[in-house]
Amino acid sequence: MADDAFGDLALAALYDSLNPWGPADDFYLDLVMKAGSVLDVGCGTGQLVRRARAEGHPGRLMGLDPAAAMLVQARRAAQDVEWVLGDMRTRLWQREFELVVMTGHAFQALVGDEDIRVCLRGVHAALADGGRFVFETRNPAARAWEKWTPDRVREITAADGSRVRVRHQVREGPSRGRVHFTETYESETWPAPRVTHHVIRFMDAETVRGFLEEAGLTVVEQYGDWQRGPLAPAGPEIVTVARRSC
């Protein structure tokens, strides 16, 4: 399912400003530039594969996202990437990609066990022999949601020059690994705030590994940060590199 924030054209247009390029993007870009064919699942506005093409990636680049408004932004910015509306159920790719990625904690939007299984079956089918699946989830032990409080306000500038303020508030959880929260967007140019509702799932490294193994994917590396440091008990990230094992 597309997140309701990303179905709004006005909010989708703010995404890149709210999520500027950083160490995570550098980590993934290095992998993408070394792969001949890449599928970016939950690509959003396509920042990663757009940058790869701009930096000379000569191969096949595809961005997949269930939110049409996000792909509007992606297509406006790059015509030389394949953009596909949907999720891993939209199309059956058969061993077509050397690399599949899910960035921006997109994997955590898969909140049900069957959602995860469906996605991973699709990833397994899409990977060429020896292909890799790379993604990250927030480490639940770091309790990131405790910082998602209304007093922490971000302010960005929209394309029309207006200022937009964004704040978060946890509404429920964590319960069975799921955290429900809202994002509130406010601007002096809007008649009223825009409030979007979200739910994401937190899983520890062993739970992630179990789902991957069930789908025929073998974990070859797990990192605790974007510098490829080891997993830490309360480190911020669980960055996973898996290979198709059968």
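The values are calculated or read from the model by the stated rules, or taken from the named source; none is laboratory data. Keep in mind that what you see is a predicted model, and the values were worked out from it rather than measured. Cβ coordinates were reconstructed from backbone atoms using ideal geometry, including for glycine residues, and neighbour counts include every protein chain displayed. Please note that ligands, DNA and RNA were not included when accessible areas were found on the heavy atoms of the full protein model with its side chains. Shrake-Rupley method; radii C 1.70, N 1.55, O 1.52, S 1.80 Å.
Residues of the stretch 96-114 falling in the label zone of HIS197, defined by backbone nitrogen less than 20 Å from a point 7 Å along Cα to beta-carbon, are 108-113.
Remark: the THR207-TRP190 segment gains 1.9 nm on full extension, using 0.36 nm per residue and subtracting the alpha carbon distance. Between ARG178 and ARG152, the FRET efficiency from the beta-carbon distance, with R0 = 25 Å, is close to 0.70. Using the Cα coordinates of the stretch 98-148, the gyration tensor eigenvalues translate into equivalent-ellipsoid semi-axes of 25, 13, 7 Å, sorted from longest to shortest.
Net charge dipole, the chain: roughly 120 debye, given to the nearest 20, about the Cα centre with Cβ charges of +1 for Lys and Arg and -1 for Asp and Glu. Here the sum of -39500 (n - 2.57) over DSSP H runs of 4 or more residues, divided by the residues of the chain, equals -7000 deg cm²/dmol at 222 nm, to the nearest 500. Label zone (ARG75, point 7 Å along Cα-to-C-beta; backbone nitrogen cut-off 19 Å) within the stretch 10-37: 10-16. Would you work out the Kirkwood radius for the stretch 2-87? I mean one over the mean of 1/r across all pairs of different Cα atoms, in Å. Roughly 12.8 Å, rounded to one decimal.
Summary of the geometry: the stretch 156-192 and the stretch 15-51, compared by the centres of their Cα atoms, lie 23 Å apart. Averaged over its residues, the chain has an accessible area of 47 Å² per residue, based on protein heavy atoms and a 1.4 Å probe. Quick one: in the chain, what % of C-alpha pairs are over 24 Å apart? Counting every Cα pair in the chain, those more than 24 Å apart make up 47 percent. Both the radius of gyration and Dmax for the stretch 89-223 are 18.2, 53 Å, in that order, over alpha-carbon atoms.
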